[in-house]
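The values are calculated or read from the model by the stated rules, or taken from the named source; none is laboratory data. Every value quoted in this text rests on a predicted model; they were computed, and no experiment measured them. Methodologically, a virtual Cβ is constructed for each residue, glycine included, from the backbone with ideal geometry; neighbour enumeration extends over all protein chains shown. Quick note on the areas: whole protein, heavy atoms, side chains included, nothing else; ligands and nucleic acids left out. Shrake-Rupley method; radii C 1.70, N 1.55, O 1.52, S 1.80 Å.
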Amino acid sequence: MNVEQNLKKIENNIAEVCTRVNRNPEEITIIGVTKYVTIERTEEAFQAGIVDLAENRLEGLLEKQEHLSQEQINWHFIGTLQSRKVKSVIGSIDYLHSLDRLSLAKEINKRTDEVLPCFVQVNVSGEESKQGLDRKDVPDFITALEAYPAIKVIGLMTMAPHVEDEQELRNTFRSLRELRDDMKQKQWAHAPCTYLSMGMSNDYQLAIEEGATHIRIGSNLVGTTETG
Ligand SMILES: *Cc1c(COP(=O)(O)O)cnc(C)c1O
């Protein structure tokens, strides 16, 4: 399937879910995750209308950006970011989805005079293999981020566990939404916590039902190989 066909299908699914749960599809940003695919396939995604693109490695990001320099593209970084790589990535990304430690915030703050919109990554399911903060540590973490003017917390992000169990997935997403609601209520100037980055190829419909505003789609949109 070409990206355009895949996108149509995803948009139809989003529309269907939104009708069901009474949400506006325009609230939902589809982020095309291009980490597995070639520059050509990434270009195809852009041509199909995807202006939000994500990579999880610095090398992949820079490689794609070299060939796709269009102004309207928003570049999202969704992988673990090592502090020593901050200086190479900081001028190149528009959003960071994986803020999970103060040392990273400090390094970002040191390397830029601009404000970087970030999602705080939360490990809702508590799996040891997962990146992100424990839910209980999130309020103190966000409070402490006020010390770094370069950081603006625009929302929370999570990766759901790899399970089929719909209820477990739903609980994960719901739990992040509740945490986001709590954080939003605090009305922090440095952390409006408006958005929820959650949902991938296998679970984005559930994530939208539970309030996702940014879904990160790789395999279902551009595929996992060079030809998709
Ligand atoms: C790879 C990746 C995705 C996309 O995964 P798919 O299942 O291929 O849609 C989303 N978010 C993160 C953080 C990823 O690393």
Handout entry: Other-chain or far-sequence residues with amide H under 5 Å of ILE151's (modelled H)
Key = LEU116
Problem - Phi-based couplings in Hz for region 103-110 (Karplus 6.51, -1.76, 1.60; Gly and Pro marked x) - result: 4, 5, 4, 4, 5, 4, 4, 6
Practice task
Choose one answer from ASP165, ASP181, ASP203: the residue with the largest mean-square fluctuation in a GNM of the chain with alpha-carbon springs under 10 Å.
Solution key: ASP165
Handout entry: VAL163 - accessible surface, heavy atoms, 1.4 Å probe, Å² rounded to 10
Key = 50
Completion exercise
Going through LYS85/LYS110; LYS35/LYS110; LYS130/LYS184; LYS64/LYS85 one by one, the pairs whose alpha carbons sit over 20 Å apart turn out to be LYS35/LYS110; LYS130/LYS184
Exercise for the section: Using only Cα atoms, locate the centre of region 99-171 and the centre of region 29-84, then give the distance between them in Å, rounded to an integer. Expected result: 20
Completion exercise
Carbon and sulfur atoms account, in whole percent of the 1.4 Å probe accessible area of region 46-169, for 42
Problem - Rounded to whole Hz, the Karplus (6.51, -1.76, 1.60) HN-Hα couplings of region 87-92, x for glycine and proline - result: 5, 7, 9, 4, x, 9
Problem - Residue-by-residue Karplus 3J(HN,Hα) for region 57-72, coefficients 6.51, -1.76, 1.60, Hz, glycine and proline x - result: 9, 4, 4, x, 4, 5, 4, 5, 5, 4, 9, 10, 10, 4, 4, 6
Completion exercise
Scoring region 29-148 by relative contact order with C-alpha pairs under 8 Å, at least six apart, yields a percentage of 18
Practice task
Could you check the simple spin-label distance between LYS184 and LYS9, using points 7 Å along Cα→Cβ, in nm with one decimal?
Solution key: 3.1
Practice task
Report, by chain and number, residues whose modeled amide H sits under 5 Å from the one on TYR195, excluding near sequence neighbours (fewer than 5 apart, same chain).
Solution key: GLY155, LEU156
Exercise for the section: Determine the relative contact order of region 138-228: mean sequence separation of Cα pairs under 8 Å and six or more apart, normalised by residue count, in whole percent. Expected result: 27
Practice task
Among THR225, ILE208, GLY91, pick out the residue whose Cα is farthest towards the positive end of the charge dipole of region 86-228, where Lys and Arg carry +1 and Asp and Glu carry -1 on C-beta, about the Cα centre.
Solution key: GLY91
Practice task
Give the peptides 26-32, 153-159 in descending order of average Cβ contacts within 10 Å, highest first.
Solution key: 153-159, 26-32
Handout entry: Helical mean residue ellipticity (222 nm; -39500 (n - 2.57) per DSSP H run of 4+; nearest 500) of the chain
Key = -11000 deg cm²/dmol
Exercise for the section: Send over a whole-number figure in Å² for the accessible area per residue of the chain, probe 1.4 Å. Expected result: 49
